[in-house]
Amino acid sequence: SQTIHQWPATLVQPVGSPLSLECTVEGTSNPNLYWYRQAAGRGLQLLFYSVGIGQISSEVPQNLSASRPQDRQFILSSKKLLLSDSGFYLCAWSESGLAVHNEQFFGPGTRLTVL
Amino acid sequence: GQNIDQPTEMTATEGAIVQINCTYQTSGFNGLFWYQQHAGEAPTFLSYNVLDGLEEKGRFSSFLSRSKGYSYLLLKELQMKDSASYLCAVRRTGGFKTIFGAGTRLFVKA
């Protein structure tokens, strides 16, 4: 069966510090991978998605970046965090190809607080 | 533009039926999803509609009308554990981008 891991679970960082969040998927090959951010009481905002190694699509201009160094590894980074980067960060995967469903399976999330 | 609208909050009684509506305006349409999200947890997939009509899955049903840009999630025989946020999401054509609504917080009371 497939599983998705994210770490860390919670993180408190000062403004201006760097960030690295990691996501890995097990039990599937060539998944589509996604990074979302959810502000308190808000919907999910798609930040990045990837259909393959080294292929990253950015959805919103911001001080965040993403990388996919391996097939089942997706990393979210920042060189300098802003207060507005606080939120609940969710990684998700879906099957590749345009299958009928392609529902997304979410990781447990990382709660980031920038002070 | 792209917009997904859902009521912010709803309250219902244990054992009752509740309908959560979702209207959308998106650039292209390739399916509508409903996810359940308990507080502090990740969303989990509930249902998917790509054709007009009703999809039933146990106590949960989802309806879609593409011409009206409208969907609803129907929850029957409500249980306390159904208290959660319900997210409506639309996948656009030509790729994998999925737009999520802000979610409807459902409170189930005894």
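The values are calculated or read from the model by the stated rules, or taken from the named source; none is laboratory data. Keep in mind that what you see is a predicted model, and the values were worked out from it rather than measured. With ideal geometry, Cβ positions are generated from the backbone for all residues, glycine too; neighbour counts draw on all protein chains shown.
Of note:
- Candidate set from the stretch A:41-72 (those that are away from every other protein chain (no Cβ under 11 Å) and in a loop (DSSP other than H, G, I, E, B)); member that is nearest to A:VAL114 (Cα to Cα): A:ASN63
- Candidate set: the stretch B:79-102, residues that are assigned to a loop (DSSP other than H, G, I, E, B) and at pLDDT 95 or above; chosen: the one nearest to A:GLN104 (Cα to Cα): B:SER83
- Test: residue in the stretch B:5-18 that is within 20 Å of A:TYR36 (Cα to Cα), within 14 Å of another protein chain (Cβ to nearest Cβ) and over 15 Å from the mean Cα position of the chain (by Cα): no
- The set of residues from the stretch B:46-59 being touching a Phe, Trp or Tyr at 6+ places or on another chain (Cβ under 8 Å) and either on the phi < 0 side of the Ramachandran plot or surrounded by 13 or more Cβ atoms within 10 Å (Cβ to Cβ) (or both) comprises B:LEU46, B:SER47, B:TYR48, B:ASN49, B:LEU54, B:GLU55.
- Residue ID - nearest to the other protein chains (Cβ to nearest Cβ), chosen from residues in the stretch B:54-110 that are acidic (Asp, Glu) and within 15 Å of B:PHE33 (Cα to Cα): B:GLU55
- Candidates in the stretch B:60-72 are the residues that are outside any loop (DSSP other than H, G, I, E, B) and either out of contact with any Leu (no Cβ under 7 Å at 6 or more places or on another chain) or at positive phi (or both); of these, the one that is surrounded by the most Cβ atoms within 10 Å (Cβ to Cβ) is B:TYR72.
- The set of residues in the stretch B:29-45 being of a type in the set (A, V, I, L, M), crowded, with 19+ Cβ neighbours inside 10 Å and either assigned to a loop (DSSP other than H, G, I, E, B) or facing chain A (nearest Cβ under 8 Å) (or both) consists of B:ALA42 alone.
- When residues of the stretch A:26-36 are limited to those that are away from chain B (no Cβ under 11 Å) and outside any loop (DSSP other than H, G, I, E, B), the one nearest to A:ILE56 (Cα to Cα): A:TRP35
- The stretch A:16-54, residues that are over 15 Å from the mean Cα position of the chain (by Cα) and either of a type in the set (Phe, Trp, Tyr) or loosely packed, with under 12 Cβ neighbours inside 10 Å (or both): A:GLY16, A:PRO18, A:GLU26, A:GLY27, A:SER29, A:ALA40, A:GLY41
- Which listed residue is more than 26 Å from A:TYR34 (Cβ to Cβ), modelled with pLDDT of 95 or more and among the hydroxyl-bearing types (Ser, Thr, Tyr), from B:SER65, B:SER71: B:SER65
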